[in-house]
Amino acid sequence: MVKENKYKAIIGTADAEFNCTIGDVEFSVLFLAYPLDVEESEGNKPKHTHEYYEIVYLDRGNAVFETEKEIINLKSGDLTIESPRCVHKYRNIERCESYKIGFSFTKTHGDEKLFSGFEKLFGRLDFRIFGGQTAIGEQCRMLAESLSKNGSLSRMRACFTEIIMMIYDRFAEKHDVQPAESNRLTSKNVKDIICNSLLYYYATDMSLSEVAAQVFLCEKQVNRICKKLYGRTYNGQKTYLRIEKAKELLLKTDMPVLSICFDCGFGSSGNFYAAFTKAEGVSPLKYRKDNR
């Protein structure tokens, strides 16, 4: 998962480095979570630039963002993004809980238009600050949590995809850029995004409509793809994965059934018992008793 560090300008060691392809755009991504255990704090660094774009999401605390012309106070929920041209520094960031994502992007082979949109948006960027970006913050936290979970690379790619597309859409609202929804992803990208979204069935309940929006298809089309991949609809596959994990926990642990219910992503014990009994023909308690 972790590759040779291409980003020597960042102090410390990256938590993760990976590549991510969205449509006809390939991203090289470096992710760091603050505070960092480093000899030289971020606050002592002079003003500098990077060879890549940088996103910083401030989760908790207050910091200061300085450019050559401006000094801006940042608070929890603020997100900054700066280009390689932006001479800047952060003060007090090492005392905050925050996330940094460095990325660069290139065009892959394909006839899609997403790359031109990114190039047009980020090509004119010096720096930008957005307030109240809690949705992006949640994806940053999920990205960090993914580092210790199975399928971590797929999870991180899915989180970064969500982060970068939310930023893209936010920019597109204020610029003359074709909205991302009008672009088409390749069939492989669509399948990858759908498969990756199912890795979240513990961490978050990604709905069919949310996944359909990510791949710019209607819900019926997503279900059609899922039936080809899994023999089930999207929600059917999600329930299947949850039941399989519940069966594992019932046999290998002494966790209470109610705890297993919520750990596997079910919203209520009633839904869990109904889904489990339909799938296995017996209740969770009887399944445990009969198979241990």
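For every residue, the table says whether it meets (1) assigned by TED's automatic domain parsing to the domain that holds S76; (2) modelled with pLDDT of 75 or more; (3) over 19 Å from E17 (Cα atoms); (4) not basic (K, R).
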| residue | (1), (2), (3), (4) |
| --- | --- |
| G110 | yes, no, yes, yes |
| R128 | yes, yes, yes, no |
| L143 | yes, yes, no, yes |
| L153 | yes, yes, no, yes |
| A172 | yes, no, yes, yes |
| H175 | yes, no, yes, yes |
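To keep it simple, each residue is scored yes or no on (1) touching a helix residue (DSSP H, G or I) at 6+ places or on another chain (Cβ under 6 Å); (2) assigned by TED's automatic domain parsing to the domain that holds T21; (3) modelled with pLDDT under 80.
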position: P179; (1), (2), (3): yes, yes, yes
position: S207; (1), (2), (3): no, no, no
position: N223; (1), (2), (3): yes, no, no
position: K245; (1), (2), (3): no, no, no
position: P256; (1), (2), (3): no, no, no
position: G267; (1), (2), (3): no, no, no
position: A275; (1), (2), (3): yes, no, no
position: K286; (1), (2), (3): no, no, no
position: D290; (1), (2), (3): no, no, no
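Could you list all residues from region 114-139 that are among the polar types (S, T, N, Q) and in a helix (DSSP H, G or I)?
Scanning region 114-139 gives S116, T134, Q139.
Given the conditions (1) more than 23 Å from the chain's Cα centre (by Cα); (2) in a strand (DSSP E or B); (3) under 20 Å from F27 (Cα atoms); (4) among the basic types (K, R), report the number of the one that R85 does not fulfil.
Among (1) more than 23 Å from the chain's Cα centre (by Cα); (2) in a strand (DSSP E or B); (3) under 20 Å from F27 (Cα atoms); (4) among the basic types (K, R), R85 violates only (2).
Quick check on region 157-169. Is at least one of its residues of a type outside the set (V, I, T), at pLDDT 90 or above, under 19 Å from S83 (Cα atoms) and touching a Ser or Thr at 6+ places or on another chain (Cβ under 7 Å)?
No, that holds for no residue.
With the condition kept exactly as written, say whether any residue in region 105-112 is of a type in the set (A, V, I, L, M, F, W, C), under 20 Å from M165 (Cα atoms) and touching a residue at least 60 places away in the same chain (Cβ under 8 Å).
There is at least one residue in region 105-112 that is of a type in the set (A, V, I, L, M, F, W, C), under 20 Å from M165 (Cα atoms) and touching a residue at least 60 places away in the same chain (Cβ under 8 Å).
Inspect all residues belonging to region 260-271 and state whether any of them is touching a residue at least 24 places away in the same chain (Cβ under 8 Å), among the charged types (D, E, K, R) and part of a helix (DSSP H, G or I).
yes
May I ask you to list the residues in region 28-54 that are at pLDDT 80 or above and either in contact with a helix residue (DSSP H, G or I) (Cβ under 7 Å, 6 or more places away or on another chain) or not assigned by TED's automatic domain parsing to the domain that holds S146 (or both)?
Selection gives V29, F31, A33, Y34, Y53.
Determine whether region 51-64 contains at least one residue that is among the small types (G, A, S), surrounded by fewer than 21 Cβ atoms within 10 Å (Cβ to Cβ), farther than 15 Å from M165 by Cα and within 23 Å of the chain's Cα centre (by Cα).
Yes, region 51-64 contains at least one residue that is among the small types (G, A, S), surrounded by fewer than 21 Cβ atoms within 10 Å (Cβ to Cβ), farther than 15 Å from M165 by Cα and within 23 Å of the chain's Cα centre (by Cα).
Which residue pairs have Cβ atoms closer than 7 Å, lie 6 or more positions apart in sequence or on different chains, and pair a first residue in region 205-221 that is assigned to a helix (DSSP H, G or I) with a second residue that is of a type in the set (D, E)?
Here the result reads L208/E219; S209/E219; A212/E219, each pair linking region 205-221 to a residue that is of a type in the set (D, E).
The values are calculated or read from the model by the stated rules, or taken from the named source; none is laboratory data. Source: prediction; values computed, not measured. Ideal geometry is used to build each Cβ from the backbone, glycine not excepted, and the neighbour counts take in all protein chains shown.
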